[in-house]
1. Examine the stretch 539-552 for a residue that is among the hydrophobic types (A, V, I, L, M, F, W, C), under 25 Å from Ala378 (Cβ atoms) and in contact with a Gly (Cβ under 9 Å, 6 or more places away or on another chain), and state whether such a residue exists.
2. Determine if the stretch 42-61 includes at least one residue that is outside any helix (DSSP H, G or I), farther than 24 Å from Arg140 by Cα, touching a strand residue (DSSP E or B) at 6+ places or on another chain (Cβ under 6 Å) and touching a residue at least 60 places away in the same chain (Cβ under 8 Å).
3. Aliphatic (A, V, I, L, M), part of a helix (DSSP H, G or I) and farther than 30 Å from Arg258 by Cβ: does that describe Leu494?
4. Go through the stretch 184-209 residue by residue and tally those that are assigned to a helix (DSSP H, G or I) and hydrophobic (A, V, I, L, M, F, W, C).
5. I want to confirm something. Restricting to the stretch 569-592 and keeping residues that are at pLDDT 95 or above and more than 18 Å from Asp605 (Cα to Cα), which single residue is surrounded by the most Cβ atoms within 10 Å (Cβ to Cβ)?
6. How many of the residues in the stretch 386-409 are surrounded by 14 or more Cβ atoms within 10 Å (Cβ to Cβ) and either outside the structural domain of Leu428 (by TED's automatic domain parsing) or under 30 Å from Thr349 (Cα atoms) (or both)?
7. Tell me yes or no: at least one residue of the stretch 187-194 is farther than 21 Å from Thr144 by Cβ, among the basic types (Lys, Arg) and without any contact (Cβ under 8 Å) to a residue 40 or more places away in the chain.
8. Looking at the stretch 170-194, which of its residues are at pLDDT 95 or above, touching a helix residue (DSSP H, G or I) at 6+ places or on another chain (Cβ under 9 Å) and of a type in the set (Gly, Ala, Ser)?
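The values are calculated or read from the model by the stated rules, or taken from the named source; none is laboratory data. Quick caveat, the model's predicted, so the values are computed rather than measured. Note that each Cβ is placed from the backbone with ideal geometry, even for glycine, and that neighbours are counted across all protein chains shown.
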Amino acid sequence: MNRFGYVRVATAIPQVKVADCTFNVQQIESLIAQAEGRGVSIICFPELCITSATAGDLMYQELLITGSENALFKLLDFTRSLNIVSIVGMPVRIGALLIDSAVVVQGGKIHAVIPNKPLGNCATMLCGNTVSVSQDTLIRTNETYIGITIGDDITQPKPQCGCLCQAGAEIIFNLASAKELIGTHRNIHRQMSVASSQCNCAYVLSSCGYGESTADAVYAGHALIYEDGELLAENERFSTKEQLIISDVDIELLRHRRQEKTTFMPTTSNIITISSHSLTLESEEPTLHPIRKNPFISNRHMDERYSDILAIQTAGLAKRLTHTGAKTLVVGISGGLDSTLALLVCAKTIDMLHRGRKDIIAITMPGFGTSDRTYTNALTLMESLGVTQREISIKEACLLHLSDICHSTDNHDVTYENSQARERTQILMDIANDTGGLVVGTGDLSELALGWCTFNGDQMSNYAVNCSIPKTLMQHIVRWIAKNTEDKTISDTLLDIVDTPISPELTPADDEGKIQQKTENLVGPYELHDFFLYHTIRNGFRPAKILFIAKQAFKGEYTEEELIHWLTTFCRRFITQQFKRSCSPDGPQVGSVTLIPTQWHMPSDASSSEWLNNIVQ
């Protein structure tokens, strides 16, 4: 495996001729050569690809059996100087039986035979060599552990791929011959996604294609590569040409996902070691592993995903409201993104509990930096939702406080900013006390990750509905709500809020009343920080690897120097700001990445030096 944990694999669909072993092995050799030239470590071919899977009773003819062994002799000679591991399908004599098998070839040697049925641990003579035969065999290369299955194993009540993964296999190669029927393609995708997710493995499928007999069925040729539930690469079905599908599998990611599970136990039985070459990726060479620029956002099942997020937030707040017996929900409204989503969740919660929206006390608290745009949007949204509106300016209170502590109002430092955040929190808490209410927090996951919140200020509430939602996802959720509401005023207001620059608005606006303090100019772009956060928490990646994939994901948008600068900012702030997360309020987890104290455990006095030193290596 290379220094970033990638293994390059391939699935190939060769052209075949039924029962023509000489022609078939030539096509196989051609694809192996192409894959070797592109840095592939392991390649697999369809079930019975040397003879063709549709040879029928010809398969038991001595001529074809001998022909398949002679073709394998040719393949061994062809691969003698190659490092690539090749997995091919053919019938193999095992004792008195002729068994549909996968043969593992590398460097001119047969390393293992994997039968399509349990035979125990035995051996057979093949091409003049005694070869181990076992369905439970794991192949250990320099890079990873692989398991091999044949046919429709994935559809069985207890699939062999699961047993292999429990024993340590990280990549499953499946040699198949699936007939193409209505719905077959969709079912294969679903099954591979589920299997690779359950087993935290990569799943590589190669299924018979063009050239197989069409006497009673058609074989479309499925070549798919999945990794932990996600599709990495696939081919075009029904092609009349040979196909080679290549992707890099992230073994480091898979191992991270498995670390906290007890399902995967190491084994010492039936392991065959092959010394294969490792993929080398230079610092500027992109990986063939797909990288999403916005990992928290998926366009698949968008309506269902966003509806689920709102339902989780609503259910959490409803439980807290009924449990505490609170009479009101108190929320501060700035006209910004976070408080907007929190207010929408409050409205949805009150509606679900069949209470009047006047039980929501929405308070806008203009300060030194409040812009005309956010102020107007806050008022419009509160009025349109029919909640109880209150406006309390914090300017005089903050001026008095700054005077009391002898701090100049011309000094717009952290004291100046935090005094406003804490004044707003005091107002919300006191009004909640006065009305028997519960303060609903507005802060999001991205702010928690960076510690971009005031300790005992906007960090604090009674229940934080947005605490597991990153900023990039929040923008999409609010835009989705806007597009799915029938009230045009609400829709237009929400869309304008999404388009408003993100700002804490703690320093004075410009002469035209527009936002002057922009968060992303100060702390960095949220699309980068959310990218860094996802790969740090979800995948456990080192900063050097995060930088490597960020250069690919954001190519042409940020220079390497900019990425290093903001990744340094992220690592430093993420480690040092844990003290704010350790005492943050309760809130619902909505996705796999969260920093709520019960789920993310980290000492507040951890050192960031290892992370900072790892960024550029």
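1. no
2. Checked the stretch 42-61: no residue is outside any helix (DSSP H, G or I), farther than 24 Å from Arg140 by Cα, touching a strand residue (DSSP E or B) at 6+ places or on another chain (Cβ under 6 Å) and touching a residue at least 60 places away in the same chain (Cβ under 8 Å).
3. Yes; evaluated as a whole, the condition is true for this residue.
4. From the stretch 184-209, those assigned to a helix (DSSP H, G or I) are 184-198; that's our starting set.
After this cut, where a residue has to be hydrophobic (A, V, I, L, M, F, W, C) as well, the list is 188, 192, 194-195.
Summing the residues that are assigned to a helix (DSSP H, G or I) and hydrophobic (A, V, I, L, M, F, W, C) in the stretch 184-209 gives 4.
5. Gly587
6. Selection size over the stretch 386-409: 7.
7. Yes, the stretch 187-194 contains at least one residue that is farther than 21 Å from Thr144 by Cβ, among the basic types (Lys, Arg) and without any contact (Cβ under 8 Å) to a residue 40 or more places away in the chain.
8. Hit for the stretch 170-194 is Ala176, nothing else.
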